[in-house]
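The values are calculated or read from the model by the stated rules, or taken from the named source; none is laboratory data. A quick note: this is a predicted structure, and the numbers were derived from the prediction, not measured. Note that we place each Cβ from the backbone using ideal geometry, even for glycine, and neighbour counts take in every protein chain shown. Protein only, heavy atoms only, side chains kept; ligands, DNA and RNA dropped before computing areas. Shrake-Rupley method; radii C 1.70, N 1.55, O 1.52, S 1.80 Å.
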Amino acid sequence: GNEINSIHGILNGTCNYILTRMENEGLPFADVLSEAQKLGYAEANPSLDVDGFDTAHKACILTALAYGFLPSLGDVQVEGIRALKGEDVKYAADFGYRIKLLAVVARDGYEIEVGVHPTLVPFSHMLASVNGVFNAAMVNGDMSENTLYYGRGAGRLPTASTVVADIGDVARNLAHGETRYARAVPTYGEGKLRLRAPGNVTSRFYVRLSLLDKPGSFGVVASTLGKHGVSISAAAQKESTAENANHV
């Protein structure tokens, strides 16, 4: 009954667990990852999770369900959480944001934006309250507006439950010669929808820099950004523990 405008999702329980622990306990990424592996939330080789590709696979599937075409994974811009530092999590909180690894699927005319990035989500947003191993997808429809789907995204039993359900779907489709999700294809015209090139996607960004502790350092940064048409909505300058350096 709806044409889907956008889907914003926290789709990987391992990453969400790591980010929650980093924020709540001030632990470094490597320590939390090691504990997640011991608890069975992360694989022995966690690359698929922490580098964002598990989330990207799921974003492509959601794109297929919502818009009827499957993007090539190689064309999707993907950034994981491996490079995040404790300072990033803390500074985000200082500005009123929580960092989540977010999948974004959004339609603008015949172009579909699909991407995966660590994203600053305002504390007041419903997705900001999705913590630990839980996942959520917020779907915006042209008539339903926002609806939220929430549940566990990591662990042996939740994963097994989903796998068994998927096998049941496949078996039912094969037994009855049907495709249950054919109705998901919208009426945009066959072949008209296309993936938006990453270079055509605009967004706000968070930047953290280490600068020499001398007059005018921040001014140089602001001037350089201004020359390239980048405005600064908020900034904070904090003294670093490293000698003669400030984080901005």
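A few points about this structure:
- Rounded FRET efficiency, nearest 0.05, which uses the C-beta distance separating His176 from Val221 and R0 of 51 Å: 0.25
- For the chain, the Cβ-based charge dipole about the Cα centre amounts to some 120 debye (Lys, Arg positive; Asp, Glu negative; other atoms uncharged).
- Look at the dipole of the chain built from charges on Cβ: of Thr55, Asn5, Leu225, the Cα furthest out on the positive end belongs to Asn5.
- Accessible surface area normalised per residue over the chain is 59 Å², counting heavy atoms of protein chains with a 1.4 Å rolling probe.
- When you restrict to C-alpha pairs under 8 Å that are six or more residues apart and normalise by the size of the chain, the relative contact order lands at 23 percent.
- All C-alpha to C-alpha distances of segment 1-147, sorted into 10 Å bins beginning at zero, yield P(r) values of 12, 41, 33, 13, 1 percent in whole numbers.
- Divided by 2.2 N^0.38 Å, where N counts the residues, the Cα radius of gyration of segment 1-72 comes to 1.35.
- Solvent-accessible area, 1.4 Å probe, carbon plus sulfur percent, for segment 1-155: 52 percent
- Packing rank of 20-31, 95-106, where each peptide gets the mean count of other beta carbons within 10 Å, highest leading: 95-106, 20-31
- Set Lys38/Lys85; Lys58/Lys227; Lys100/Lys214; Lys38/Lys58; Lys58/Lys238 screened for pairs whose C-alpha atoms are more than 31 Å apart: Lys58/Lys227; Lys100/Lys214; Lys58/Lys238
- Expressed as a fraction of 2.2 N^0.38 Å, the C-alpha radius of gyration for the chain is 1.14.
- Tensor-based shape of segment 80-182 (alpha-carbon gyration tensor, a/c under 1.5 rounded, otherwise prolate or oblate): prolate
- Each helix, a run of at least 4 DSSP H residues, gives -39500 (n - 2.57); summed and divided by the residues of the chain, these come to -10500 deg cm²/dmol at 222 nm.
- Net charge of the neighbourhood of Ile61, taken over other residues with C-beta under 12 Å away and scored Lys/Arg +1, Asp/Glu -1, is -1.
- Stokes-Einstein D (µm²/s) once Rh is taken as the Kirkwood radius of segment 38-111 over alpha-carbon pairs, at 37 °C in 0.692 mPa s: 228 µm²/s
- Residues whose placed amide H lies under 5 Å from that of Arg98, excluding near-sequence neighbours: Val121, Phe123
- Gap separating the Cα centres of segment 47-116 and segment 193-225, nearest whole Å: 19 Å
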